Number of protein chains: 2
Amino acid sequence: MIANEVKAELAAGKLAEYEQLSKIYDDIVKQARPRMTVEGQGKILLALADEDHQSQHHLASRLAMSPQSTSEFVAKLAKRHLVTLAKSTKDRRVNLVSLTPQGREEIASAAQEVPPFLQVLTEAEQDELYVLLTKITNAMYADIDAANPTLGVKFHKLFAGHYLNRFKK
Amino acid sequence: MIANEVKAELAAGKLAEYEQLSKIYDDIVKQARPRMTVEGQGKILLALADEDHQSQHHLASRLAMSPQSTSEFVAKLAKRHLVTLAKSTKDRRVNLVSLTPQGREEIASAAQEVPPFLQVLTEAEQDELYVLLTKITNAMYADIDAANPTLGVKFHKLFAGHYLNRFKK
DNA sequence: CATATTAATCAGGGGGCCTTATTGTATTTT
DNA sequence: AAAATACAATAAGGCCCCCTGATTAATATG
């Protein structure tokens, strides 16, 4: 059991190292804008990618953020022309949020192009990695869902939809 | 080559999915303070872990941040009692930054405890994952180093030292 | 000694995420 | 129609990261 514990720790450490390193990598090597993240504006884009034309209230409850924050982020996205606002005809209080083509592009481009460092793995290794990570992410989804049933499933759907759409075409 | 490309994309996507998901995981499941990150104050702690008693100027150039930012972050760390400041006796302009015991503890605790989701992997799989990620991070270090020779090596040393120290004891 | 140069700080600003409180407007309930 | 409720926007504030510009204090140079 000791041995197992060490292996688990090593793996955990590497995973953490990878996470931190990937930030630095983006910074220094790609010299790129911080990728779309899963908070704030990015969270909203992701939710819209899953289901367009949502009301702010709908977004807020779905993403577990306050309506005020939602309003702020939507406004910022609108300013960046990634999103448009239109009052609902049925209920003129609600403001429907919709993705613009640029918004869709932003999301698509955030679906990573393959980073060059993955090329150091053989095809078989890439496969292995995919399998291992899938086990891990599935376990994470389960934990998230257990902790917050109303959110877990939704994020799963969000991510699954996001990262799989590319292969449907 | 097509097949390989798809496998690489799948792996890349999963990696990205894992990264995003781990933020949500921390948020929802661990309900924890955002872990120490590799920017701002965290970056400085990490640099000090690698080499203590550095001047702010040294830190700034090493971490590629402005002296003003460095000053700001150091002040914040001092306020949190993670770091102390002491004027150099050789040159009374320079302010040597040193870790406090609490500062060391902060860094140590940021070295992840093993997250439960890793337990879904068998011992052999944890091993595999470690090996694969090591290949990847090594490739990243090389890329980072190529892009910025003065920084790459240092970050490597930073991380390597950080994540390996636990196993030296 | 007077004049750079250097280390660090102060002042101010921009953008990000996120919160609570307040207000306006539209719709439902009574 | 009046009152309660719901959607959204606005204001203000907190904390984070990070920058430029100007300033102080100490040291090095002419």
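Would you point out which residue out of B:ARG80, B:ARG93 is farther than 30 Å from A:ALA147 by Cβ and within 16 Å of DNA strand D (Cβ to nearest atom)?
Going through B:ARG80, B:ARG93 in turn, the sole match is B:ARG93.
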Self-check item: Checking B:ALA64 against (1) open to solvent by 40 Å² or more (accessible area, probe 1.4 Å); (2) within 11 Å of DNA strand D (Cβ to nearest atom); (3) modelled with pLDDT of 90 or more, the condition it does not meet
Solution: (3)
Practice problem: For the stretch B:44-62, enumerate the residues that are more than 9 Å from every other protein chain (Cβ to nearest Cβ), in a helix (DSSP H, G or I) and away from DNA strand C (no atom under 14 Å from the Cβ). | Solution: B:LEU45, B:ALA49, B:ASP50
Quiz item: Any idea which of (1) at the interface with chain A (Cβ under 7 Å from one of its Cβ atoms); (2) open to solvent by 50 Å² or more (accessible area, probe 1.4 Å); (3) under 19 Å from A:TYR18 (Cα atoms) is the one B:LYS7 doesn't satisfy?
Solution: (3)
Practice problem: With respect to B:ILE24, determine if the residue is touching a residue at least 40 places away in the same chain (Cβ under 8 Å) and either in the same structural domain as B:GLN102 (by TED's automatic domain parsing) or touching a helix residue (DSSP H, G or I) at 6+ places or on another chain (Cβ under 9 Å) (or both). | Solution: no
Quiz item: Say we look at the stretch B:31-61 and pick out the residues that are in contact (Cβ under 8 Å) with a residue 12 or more places away in the chain and away from DNA strand D (no atom under 13 Å from the Cβ); which of these is surrounded by the most Cβ atoms within 10 Å (Cβ to Cβ)?
Solution: B:LEU48
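For the stretch A:74-169, which helices (runs of 4 or more DSSP H) that fit wholly inside it have 1 or more residues that are modelled with pLDDT of 95 or more and surrounded by 13 or more Cβ atoms within 10 Å (Cβ to Cβ)?
Passing ranges, in order: A:123-147.
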Quiz item: What pairs come up if the first residue lies in the stretch A:1-19 and is more than 10 Å from B:LEU118 (Cα to Cα), the second is hydroxyl-bearing (Ser, Thr, Tyr) and modelled with pLDDT under 85, and their beta carbons are under 8 Å apart, counting only those six or more places apart or on different chains?
Solution: A:GLY13/B:TYR163; A:LYS14/B:TYR163; A:ALA16/B:TYR163; A:GLU17/B:TYR163
Quiz item: Do we have any residue at all in the stretch A:22-37 that's part of a helix (DSSP H, G or I), more than 9 Å from chain B (Cβ to nearest Cβ) and farther than 24 Å from B:MET140 by Cβ?
Solution: no
Self-check item: Selected residue [within 18 Å of the chain's Cα centre (by Cα), within 16 Å of DNA strand C (Cβ to nearest atom) and closer than 23 Å to B:ARG35 by Cβ] from B:VAL97, B:VAL114, B:VAL74
Solution: B:VAL74
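The values are calculated or read from the model by the stated rules, or taken from the named source; none is laboratory data. Note that the coordinates shown come from a computational prediction; the quantities given were computed from them, not determined experimentally. No Cβ is skipped: glycine too gets one built from the backbone with ideal geometry, and neighbour counts run over all protein chains shown. In case anyone asks, the SASA skips ligands and DNA or RNA and just uses the protein heavy atoms, side chains included. Shrake-Rupley method; radii C 1.70, N 1.55, O 1.52, S 1.80 Å.
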